[in-house]
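Beneath this line is the structure, given in structure tokens, with notes to follow.
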Amino acid sequence: MSEERYAIECKGITKSFGSVVANDHVDLKVKRGEILALLGENGSGKTTLMNMLSGIYHPDEGTIFINGKETVINSPTDADALGIGMIHQHFKLVEVHNAMDNIILGGKEKYFNRKELRNKILSISEKFGLEVEPEKKVYDMSVSEKQTLEIMKVLYRGADILILDEPTAVLTPQETQRLFAILRKMRAEGSAIIIITHKLNEVMEISDRVTILRKGKSVNTVVTRESTESRLTELMVGRPVSLSIERAVVKEKKKLLEVYHLSVKRQDGSIALNDVSFDICSGEILGIAGVAGSGQKELCEVLAGLQPVEKGAVLYDKENIIGKTPAEIISLGISMSFVPEDRLGMGLVASMGMTDNMLLKCYRDSKGPFIDRKPAKKLAEELIKKLDIQTPGTETPVRLLSGGNVQKVLLGREIQSVPNVLITAYPVRGLDIHSSYTIYDLLNEQKKKNTAVIFIGEDLDVLLQLADRIMVLCHGEVTGIVNAESTSKETIGWMMSGKKEVESVAGTIH
């Protein structure tokens, strides 16, 4: 094939950060009128490679061709001039400005006619099926509308090569389908599109080809329709991986935790939780779904004794724990383990090794003036083996470990404390597929031991397979509590967008 057939061609791209090689002679090709999915485990070099195409980094070695011409991209301005636009996972919008002002921010135009600008925006919207209200303030937009605005920004600047980093991570299924319709329209108009995602079902649905990175190297590129989810996983991980989740069945259940009319305000005075009520039994996994910022963080912190409440009650075995400190909750004999989304900020001490981080959970049990570190060291060694934690040793500071390995350390420590209630917020964030399924198995093991598990997750397919019931939050309110086995991803998606589930199952399933 001639080089002119490719919108992008990367040859032998290498990028190092100190002694860490993020990209090791990576090759990648993208055609016009094509959607290429970029797959790889956490730390495989996907975002680093895309940051070089968008001008944020510069390769140490290798060559980039744009439309068949060798190119040097030294800055995002260079990328804009080449028609490359990157939509990052975390939006880069000014909340207090409207859509029109965000579109022109950072552009070359010093003077513009607002009427002409509005007409151009509406023309692009019609061409690609985008729904953008030029005068609408960003702070009034949904997550989906913000993402559409980000796409509009790059199209307005003339981009016909688009890079999207985890674009569906915070979207409902309905919003995901709207995004895919836009991407298909852009593909039909001749755009070249790269999408970074970890959701294999979406890769199979939207992409034409898939390039897989593993440990910084490009290991293969396959035609999507000629592959399977299992094959793509094997290419990513380097070995066969089972992609099934067992839903453990526990017959004997006891109501452990009851939450009544819980309301919480954030520090800025906004409402985080509004009149939230639910319960959970021993031997049950309660999944919690919702777009980012729907109150999940505050709910976890209330249950762990870390967040004050405006009103409401949280009963553990009929005793109200509201107002008690985490230490007081533990002193009541309540074993409530908490795996936060901010692993190093709240869960572990970054400068300590695994042994000392294990001690944080059990040092109060020591007798006498000295702490015996041997049991903690033994536990750390067991977790390294059981969870395949990649670390030079038990004394290596956890801040030097990858995000996925940090998560394994934290969750492993919490599970080993034999909790009665285990609260997990995004416990597989940053983990590769094999490790994620190891975590799902561990949560099911806890369920079989009659632990009540609260599982806050982003992947609705996983929630539907793992949980017994799913509670949906939208803007801090419960829009429904449903039986996971008898509901659909689409129903959960509607509830995530604010639609109440009239026939939701509000009580515990016994």
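Read the figures in this text as sums done on the coordinates, not as results from a lab. This one's a predicted model, so the numbers in the text were calculated from it and none came from an experiment. When we count neighbours, we look across all protein chains shown, and the Cβ atoms used for this are built from the backbone with ideal geometry, even at glycine.
Summary of values
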| quantity | calculated |
| --- | --- |
| Rg/Rh (Cα only; Kirkwood hydrodynamic radius) as it applies to the stretch 3-237 | 0.96 |
| GluC sites (Glu not before Pro) restricted to the stretch 232-292 and DSSP loop, no more than 15 other C-beta within 10 Å | Glu246, Glu252 |
| C-alpha long axis of helix 374-387 to longest principal axis of the chain, angle in ° | 40 |
| 3J(HN,Hα) from dihedral phi, the stretch 460-471, Karplus parametrisation 6.51/-1.76/1.60, rounded to Hz, x for glycine, proline | 5, 4, 5, 4, 5, 7, 8, 7, 8, 10, 10, 9 |
| Distance histogram for the stretch 157-279 (every C-alpha pair counted, 10 angstrom bins, percent rounded to whole numbers) | 9, 26, 24, 19, 19, 3, 0 |
| Considering only the chain, percent of DSSP beta bridges that pair antiparallel, nearest 5 | 55 |
| Full-extension gain in nm, Lys374 to Lys215, via 0.36 nm per residue minus C-alpha separation | 53.8 nm |
| Ellipticity estimate at 222 nm from DSSP helix runs (n ≥ 4, -39,500 (n - 2.57)) divided over the chain, nearest 500 | -9000 deg cm²/dmol |
| Span per principal axis, largest first, for the Cα atoms of the chain (Å) | 71, 50, 43 |
| Burial ranking of peptide ranges 16-23, 168-175 (average Cβ count within 10 Å, highest at the top) | 168-175, 16-23 |
| Under-5 Å amide H pairs with Ala272, H placed in peptide plane, nonlocal only | Val264, Lys265, Arg266 |
| Length added when fully stretched, His475-Lys11, from 0.36 nm per residue minus Cα-Cα | 162.4 nm |
| Cα principal axis extents for the stretch 1-137, largest first, Å | 49, 35, 29 |
| In degrees, nearest ten, helix 114-128 long axis to first principal axis of the chain (Cα) | 80 |
| Ranked packing of 157-163, 353-359, 201-207, most packed first, by mean Cβ within 10 Å | 353-359, 157-163, 201-207 |
| Over the stretch 3-237, relative contact order from alpha-carbon pairs under 8 Å, at least 6 apart, % | 29 |
| With 10 Å bins from 0: P(r) over the stretch 32-101, alpha-carbon pairs, percent | 16, 43, 31, 10, 0 |
